[in-house]
Amino acid sequence: MRLQIHAVRFTADQTLLDFIQAKLNKLDTFHDRIIGAEVFLKLDGADSNKIKEKVVEVRLTVPGKELFVKDHDKSFESATDKVLEVLKDKLVRCKQKRNDIFSPAITEAKSRMEAEEEVFEPDEL
């Protein structure tokens with residue numbers, strides 16, 4: 001998975017970047033076709049010199065979809081944990097939908113319907 005981490009208007013330390021990298025690498029267990037991820041780290045309330053909360057936004061790219069989750073908390077680590085919980089659920093649902101479309105029962109039903117359409121076509125006049 002290709003990962004890009006952007007710290008908006010501040011410099012993130014390496015331990016935070018390693019933490020986010022390790023957490024996002026675990027998402028491969030929930031969906032095997034993740035293309036890439038883009039993470040934005042922001043400080044909420046930075047304009048007033050009093051940082052209220054820290055915001056984590058993750059844009060995850062899988063074939064045919066782009067998943068986006070945003071959350072905020074007192075620390076980047078806890079906000080990242082919250083974001084990852086939501087992303088896990090979304091990835092499982094996304095993979096389930098993909099598997100449902102390509103399941104053997106559905107492909108068999110489609111082929112049966114196509115065969116029935118060929119049999120019941122009206123004769124040419």
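The values are calculated or read from the model by the stated rules, or taken from the named source; none is laboratory data. A quick note: this is a predicted structure, and the numbers were derived from the prediction, not measured. Glycine also receives a Cβ, built like all others from the backbone with ideal geometry; neighbour counts cover every protein chain displayed. What goes into the accessible areas is simple: the full protein's heavy atoms, side chains included, and nothing from ligands, DNA or RNA. Shrake-Rupley method; radii C 1.70, N 1.55, O 1.52, S 1.80 Å.
At-a-glance table
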item: Accessible area in square angstrom per residue, segment 1-77, 1.4 angstrom probe; result: 62 Å²
item: Square roots of 5 times each gyration tensor eigenvalue, C-alpha, segment 1-97, largest first, Å; result: 25, 13, 11
item: Translational diffusion coefficient (Stokes-Einstein; Kirkwood radius from C-alpha pairs) of segment 42-84 at 20 °C, 1.002 mPa s, in µm²/s; result: 192 µm²/s
item: Per-pair calculated FRET efficiency, R0 = 41 Å: residue 114 and residue 2 via Cβ, rounded to 0.05; result: 0.55
item: Test item: Cα-centred dipole of segment 1-98, Lys/Arg +1 and Asp/Glu -1 on Cβ, debye; result: 440 debye
item: All-pairs alpha carbon distance profile, segment 1-47, 5 Å steps from 0, percent; result: 5, 18, 28, 20, 14, 9, 4, 1, 0
item: Residues of type lysines that residue 90 reaches as a straight line, Cα spacing below 30 Å, ignoring anything fewer than 8 places off in the same chain; result: 23, 26, 42, 52, 54, 65, 70, 74, 82, 110
